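The values are calculated or read from the model by the stated rules, or taken from the named source; none is laboratory data. All figures in this text were calculated on a predicted structure; none of them were measured in a lab. Cβ placement follows ideal geometry from the backbone for every residue including glycine, while neighbour counts extend to all protein chains displayed. All accessible areas refer to the heavy atoms of the entire protein, side chains included, with ligands and DNA or RNA removed. Shrake-Rupley method; radii C 1.70, N 1.55, O 1.52, S 1.80 Å.
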Amino acid sequence: MKKKFNKTDLPHELPIFPLSNAIFFPKTLLPLNIFEPRYKQMTEHAVVGNKLIGMVQSNQKVDKKGKAEVYNIGCVGYIEFHSKTPDGRYLINLKGISRFKIKEEINTNNLYRKFSVDYSDFSSDFDEQKTSGINTIELIEKTKKLFEQYQLSTDWKVVEKVETEQLINSLSMICPFTISEKQRLLETKDLIDRNEILNKIINFYVLGNNENNKNIH
């Protein structure tokens, strides 16, 4: 069942799923295949609770307690769909709601991790994003070259029909960028800023360092 959230609807404590090289944004959909025991427990608890899970990137380092270090900006999603496979895995679709900032980790007896979070820096995630001045045709053409370079494929006829916000967010999610580059996109102020950074990163891969430093129009 689809559900609409307001700024005041979100809890300030979230179960967190750290996943390297994976980001998603408000209004986007993230399919997940859950198979580790700790995240299966997390999914089970979320399904019978508020159906909310926070996604953050791990930076592939470990802290003094042996836990994976995570970036402090992530995105919370609502489980719109879930099913359990015969071998015990969970298949879920997370619909992005809002980004958040991690404040601190909460000690629990759960297998998974839980954090207190704050959404105040990202109130614009609930607003209509401005798209004026964004050249989607140029962005798509650049991305085609990037995909060719990395021997990746997608249905470009479908991509070309996607609305501007969905296009920029989807490309930020699926392009073959580094963990830090994806995090940089996640932490952008708004869609205009994200489009500018996305173009610069794609230029870096397709055209090289020198072109990356030029102004993008």
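Quick one: putting +1 on the C-beta of Lys and Arg, -1 on the C-beta of Asp and Glu, what dipole do you get for region 70-149 around its Cα centre, in Debye to the nearest 20?
Values: 12 positive and 12 negative charges, 54 e Å.
The dipole of region 70-149 has a size of about 260 debye.
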- prompt: Sorting 45, 12 by accessible area (1.4 Å probe), largest first, what list results?
  reply: 12, 45
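Given charges of +1 on the Cβ of Lys and Arg and -1 on the Cβ of Asp and Glu, with all other atoms neutral, how large is the dipole of the chain about its Cα centre, in debye to the nearest 20?
On the way: 32 positive and 28 negative charges, 102 e Å.
That gives a dipole near 480 debye.
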task: Return the whole-Å distance between the Cα centroid of region 41-89 and the Cα centroid of region 108-183.
output: 19
query: Expressed in nm², what is the orientationally averaged projection area of the convex hull enclosing the Cα positions of the chain?
result: 13.5
field: Candidates 169, 203, 195, ranked by Gaussian network fluctuation over the chain, Cα under 10 Å, top entry
entry: 203
- line: Taking max minus min of the Cα coordinates of region 125-203 on each principal axis, largest first, gives extents in Å of 35, 29, 18
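With a 1.4 Å probe and all protein chains left in place, how much accessible area per residue does the chain have, in Å²? Each step should come with its number before you reach the end.
Working: 12150 Å² over 217 residues.
Computed with neighbouring chains in place, this is 56 Å² per residue.
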statement: With DSSP loop assignment and no more than 16 other C-beta atoms within 10 Å, the chymotrypsin sites (Phe, Trp or Tyr not before Pro) in region 119-181 are 150
statement: If every Lys and Arg gets +1 and every Asp and Glu gets -1 at its Cβ, then about the Cα centre region 145-209 yields a dipole, in debye to the nearest 20, of 140
- prompt: If you line up the long axis of helix 164-174 against the longest principal axis of the chain, both from Cα atoms, how many degrees apart are they, to the nearest 10?
  reply: 70
- request: Using a Gaussian network model of the chain whose springs link C-alpha atoms within less than 10 Å, name the residue from 102, 137, 192 with the highest mean-square fluctuation.
  value: 137
message: List the residues, sorted by chain then number, that are 5 or more residues from residue 117 or on another chain and whose placed amide H is less than 5 Å from its amide H.
response: 13, 14, 103
